[in-house]
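Inspection log for the structure reproduced underneath, given as structure tokens.
The values are calculated or read from the model by the stated rules, or taken from the named source; none is laboratory data. These numbers were taken from a predicted model, which means no experiment stands behind them. The area values use the complete protein model at the heavy-atom level, side chains included, leaving out ligands, DNA and RNA. Shrake-Rupley method; radii C 1.70, N 1.55, O 1.52, S 1.80 Å.
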Amino acid sequence: MVVKVTPLCLLYWLLISTWWLMVSTSGMVLIPLTHSLSKTQFTTPHHLLKTTSTRSATRFRHHLHHRHKQVSVPLSPGSDYTLSFTLGSPSSSTISLYLDTGSDLVWLPCSPFECILCESKTPPLSPPLNLSSSATAVPCKSSACSAAHSSLHSSDLCAIARCPLDSIEMSECNSFPCPPFYYAYGDGSLIGRLYKDSLTLPNSLSVQNFTFGCSHTTLGEPVGVAGFGFGRLSLPAQLSSVSPQLGNRFSYCLVSHSFDSNRVRRPSPLILGRYEDKEKQFGNELVEFVYTGMLSNPKHPYFYSVGLEGISVGKRNIPAPENLKRVDRRGSGGMVVDSGTTFTMLPASLYDSVVTAFDHRVSRFYKRANTVEESTGLSPCYFYNKVVAAKVPAITLHFAGNGSSVVLPRKNYFYEFVDGGDGVREKRKVGCLMLMNGGDEE
């Protein structure tokens, strides 16, 4: 069984080739991402889809209520894709963390480690870290400490760390460590402390004094996270500070994964660095890249936000609400690209218009699968015998600026799998639209 849930090549400044072999050039580093899904976690496609749709909705609501109003445009199940590196010197430990473009902190479980309410969660990908002898605590006076505490002034942090007043005034608090910080996600949270140590990527690129969070207690977060969002503590930002040729740019392409051991599992490429070509050869086809500018968010600068002009279903163009085209001075609006959210979330009005146009085309040929919609959390779903491409309309995303339109491959928005065949229900092919209703705009 092949499970493919909205995989797309992801563009940050520019899109890179989908080669997955690990390479290193003067301006680019490519390392493999792996996925952590298994048959022990998800026994059926219904189970996988229901879990990921619920998680997408939870994370979206967290962004909506705790990060101001934004609409998430996720591109794949990012919390299922991991990268690995080693930490520490001379003795080192191999660490595997989830990739997350919606946060800007790198943190990992440290020994002794307790995860509250983690019984149903993915088991840890690597043992909790025992800090090496080379690890040092980040001082309260550092800018990294302020960044972890949402830009709280260093003098306040040093006061919390019990540095004496005269030492605070004289900036002599380096022996006082940064106080513990609190960090929250859509479905979990943690308390941790900041440390520095040497980090080495699989291609032997080493970063001295890499800042990371060390957590002994989490809620619903058994696996650490490599934050790739804007922000000085994110992994790309720290790599760029010691390796200017990487240019603080990255891209990735999340490859379909399979639970069938007879199938070849290809890692997904994560590219750190810059690629200058505006065109790239894919097989016999020369493909020109499509660009859209990032939107600056004054309230939440670590988000990757883009503007959406509209969505086309077949030949029908549906304009996006005005607030999706730009970010205002309060940090509201735009669309957030978040690898930690599986499905694309749209405001109710735009979602309803897209689904109505899609259903108008597809329901003429295929019967609605209402029971599947209830069991997966996705809608609309349809039973079919054999999908004919012309009967499933193309979906095109129209981004702001320079005619930046992307026609999605059908498998990136219409998930096809088998329903039934369990001795209770008839075995039938089914397909679901992979969009979700994000609720009314506020």
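A few comments on the model shown:
- The string of couplings for segment 127-142 from the Karplus curve (6.51, -1.76, 1.60, θ = phi - 60°) is x, x, 6, 9, 4, 7, 5, 8, 6, 10, 6, 6, x, 5, 7, 6 Hz, one whole number per residue in order, with x for Gly and Pro.
- Cross-link table 121/386; 121/141; 315/386; 141/299; 121/196, entries beyond 30 Å C-alpha to C-alpha: 121/386; 121/141
- Cut-off under 5 Å, modelled amide H: who pairs with residue 210 long-range: 197, 198, 199
- Length-normalised contact order of segment 279-437 in % [C-alpha pairs under 8 Å, at least 6 apart]: 24
- The phi torsions of segment 313-324, fed into the Karplus equation with coefficients 6.51, -1.76 and 1.60 and a -60° offset, translate into couplings of 10, x, 9, 8, 9, 10, x, 7, x, 4, 6, 7 Hz, rounded to whole numbers, with Gly and Pro shown as x.
- Under 5 Å, built H, 5+ apart or other chain: amide partners of residue 116: 218, 219, 220, 221
- Annotation: amide H of residue 339 within the under-5 Å range of 101, 102, sequence separation 5 or more or interchain, hydrogens built in the peptide plane.
- Restricting attention to segment 279-437, close to 90% of DSSP beta bridges with both partner residues there are antiparallel.
- Residue 300 exposes around 20 Å² of accessible area when a 1.4 Å probe is run over every protein chain in place.
- Each residue of segment 170-177 is assigned a 3J(HN,Hα), and the resulting list reads 8, 6, 10, 10, 5, 7, 9, x Hz, derived from the Karplus form 6.51 cos²θ - 1.76 cosθ + 1.60 (θ = phi - 60°), x at Gly and Pro.
- Probe 1.4 Å, all protein chains present, accessible-area order of 411, 315, 121, largest first: 315, 411, 121
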